[in-house]
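Contents: one structure, followed by commentary.
The values are calculated or read from the model by the stated rules, or taken from the named source; none is laboratory data. Note that the coordinates shown come from a computational prediction; the quantities given were computed from them, not determined experimentally. Here the Cβ positions follow ideal geometry from the backbone for every residue, glycine too, while neighbour counts run over all protein chains shown.
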Amino acid sequence: MKIIFKPMIKSIILYLGLFSYASYAQTIVVEGVVPNDESKQAILTKMHTVYSSDQILDKIQVRAVSAPNGWSDAIANIITPDLKKVSQGKLAVQGTQINLTGKVSNHNDVESVSKLLQSQINSPFSVNTNLSMSQNEQKIVDDTLKNRIVEFESGSVILTPAGMRILDEMSVALSKLEGKSIKIIGHTDSSGDSKKNLILSQGRAEAVKQYLVAKHILAEKLTTSGLGSEKPVADNTTAEGRKKNRRIEFEVL
C-alpha cells in the first residue's frame, strides 16, 4: 500500500508500501519528507503501534517544508490497524483531502474501513474512499511463494536448483489460474551500478518467464518487468536486507 501526502504549499510525500504480492509481503516502506523531527517521530510512533519493528523500513527525511494546520495529527489518526486490510492501494493526502483506493479481501471491509477513516479525522480534513474486493487468485500465488526468494547464481540470470524448485511449485499454482495474466517483476539490491541492476532484474524476470513457459504456462499470459533497486523492501545497508531485496514478485493482473 502506498500513502502520499502533499500539503498545499510545498510537497510532503510519505509512502506506506504494503506489497501484497511481494516476496516479503508484510514489509512497510515509509518514505518521504516531513517538516520536522517531531512530525517524523509522531508518524513512526504510530506506525510501530500498528506494525512490528522488523516490518517497517524508515526512509523519512526532515526538511524545511510547510504543511496545513493539524497535518501531523491527521496523519497519525489515519494510521490504524484497519489499513492492514487494504492491499495494492494508495492513501493520498493533498492539502486537506484524503483519498484511499485499494483492495480488501472481505466485502464488509469496504464499508468498515471507510467509516473508520471518516471517524478518525476532523474538519478541515475530508476522506474519499474507493475500495474493491481483492482477487483470490493473488492469494494462491502469494501462498505458493511463501515469502521465499527465487534464487539465481551471483550476478547472473541463471537459476539455482533451489530457485527452480520454487518455480516448479509456482508453475502448478499458475496452471490453476486459467485465463489470468501474470506480471513477473525482478528486483535487485542497491549494490553496483544502477543501470546494470535494471538490466539484471529484467533478465532475471525473463529467465523466470522462460522457465515457466517450459513448464507449459502460456507465454502470452506472462509479462515481465525489471525495476532494479528502485523498490527495496528492506535495508540495503545490511547483508540480510540486501538478500531480501534481491527478489522476484508475481502479480495477478
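Observations on the model:
- Members of the range 174-217 found to be in contact (Cβ under 8 Å) with a residue 60 or more places away in the chain and either assigned to a loop (DSSP other than H, G, I, E, B) or loosely packed, with under 15 Cβ neighbours inside 10 Å (or both), listed by number: L177, K180, S181, H187
- Flag if S126 is buried (at least 19 other Cβ atoms within 10 Å of the Cβ) and modelled with pLDDT under 90: no
- Residue in the range 237-244 that is touching a Leu at 6+ places or on another chain (Cβ under 9 Å), more than 19 Å from S175 (Cβ to Cβ) and assigned by TED's automatic domain parsing to the domain that holds L159 present: yes
- Residue list for the range 57-92, filter: over 30 Å from V252 (Cβ atoms), touching a residue at least 40 places away in the same chain (Cβ under 8 Å) and not aromatic (F, W, Y): I60, V65, S66, A67, P68, G70, A74, I75, N77
- When residues of the range 150-173 are limited to those that are touching a helix residue (DSSP H, G or I) at 6+ places or on another chain (Cβ under 6 Å) and part of a helix (DSSP H, G or I), the one nearest to I217 (Cα to Cα): S171
- Long-range neighbours under 7 Å by Cβ, at least six apart or interchain, first residue in the same structural domain as R242 (by TED's automatic domain parsing) and without any contact (Cβ under 8 Å) to a residue 24 or more places away in the chain within the range 144-170, second loosely packed, with under 13 Cβ neighbours inside 10 Å and charged (D, E, K, R): T160/E153
- Test: residue in the range 97-105 that is at pLDDT 75 or above, more than 21 Å from the chain's Cα centre (by Cα) and not hydrophobic (A, V, I, L, M, F, W, C): yes
- Which listed residue is modelled with pLDDT of 95 or more, more than 26 Å from S105 (Cα to Cα), among the polar types (S, T, N, Q) and touching a Ser or Thr at 6+ places or on another chain (Cβ under 9 Å), from S194, S201, S229: S201
- For the range 15-44, the candidate set comprises residues that are in a loop (DSSP other than H, G, I, E, B) and modelled with pLDDT of 80 or more; within that set, the residue that is surrounded by the most Cβ atoms within 10 Å (Cβ to Cβ) is P35.
- Of all residues in the range 127-149, none are in contact with a Gly (Cβ under 7 Å, 6 or more places away or on another chain), in a loop (DSSP other than H, G, I, E, B) and at negative phi.
- Among the residues listed as G102, G163, the single one being small (G, A, S) and over 19 Å from I75 (Cα atoms): G163
- From the options S123, S72, S119, residue that is part of a helix (DSSP H, G or I), over 21 Å from N36 (Cα atoms) and of a type in the set (S, T, N, Q): S119
- If only residues of the range 50-82 that are farther than 25 Å from T237 by Cα and of a type in the set (S, T, N, Q) are counted, the one that is surrounded by the fewest Cβ atoms within 10 Å (Cβ to Cβ) is N69.
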